[in-house]
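Heads up: the structure comes next, in structure tokens.
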Amino acid sequence: MSLFYNKLIKSIFFASFLTTHAFAFAAINEADTTLETVDSFMPIPTFKASYSLNRRGSTYGEGFRSLSKNEKGNYVFSYRTKARYFFLTDTRIETSEFTYTYLDKMWVASPLNYEFIREGTGKDKQYNVSINYTNETISGRDQQNNPFPSDTVIQDMMTYQLQIRLDLQNNRPIKKYTVATRYGNWKDYEFTQNPPETVRTPLGEFTAIKLTRTNIKKQRTTSVWLAPELDFTLVRLQQIEDGKESFDALIKSYELIPKQ
């Protein structure tokens, strides 16, 4: 398998709005932060969106994101990517089932079950992560019923993305996101918020909030742009590695799904 293809596959892994990373951000104005109540909650609208996956000017795949409600009344957030490089293929699907919970005077996305599936050239992969709030434990590939930190809101590798949107929606100040990993443990991540920027995409032009994370050890900077006019939906994701663009995803379509 070529080195170029390996880099593409690594890029796809980050296309899930940074599957292995979470964000923290500064509120635009702390004074504007409003007290949330049980009755004032506005969930993120259900939607579906598509993206082009690009690398240095060339398109090599596409991605699809959706938020819907299932028959149990829980929400399902999913992301799927399809990439091809000559005869090499890679398909990935991430799915999180979650509910909203009113906790410590704020609404949070509370994950229940997370699943990751990878199929294509090379070794296929599949793993699940579950969170038990009664026992306050995480179960993953390597650890089962692993206690998570007390007084901590746990997210999975999809729901933290929604939590960021909820926090931006409510002008919340900087915070950490504690994310349950596939191994059954957790990690904390922080991102910085940059001034709004104009982003040009196949869907149109947006003024978007930019969040950036830099991994000094790996010489990698990952940035995402979230558009307020689309309820802070991801409109662009870019990764720079060793000073060169290794990945760029741009939104192509966005559609609200009627309430179910």
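Every number here is computed from the coordinates shown, using simple stated rules; none is lab data. None of these values were measured; they are calculated from a predicted model. Every residue, glycine as well, gets a Cβ built from its backbone with ideal geometry; the counts of neighbours run over all protein chains shown.
Residues ILE44, ILE209, ranked from the fewest to the most other C-beta atoms within 10 Å, line up as ILE44, ILE209. Computed over neighbours whose Cβ is under 13 Å from that of ASN185, the net charge equals 0, Lys and Arg +1, Asp and Glu -1.
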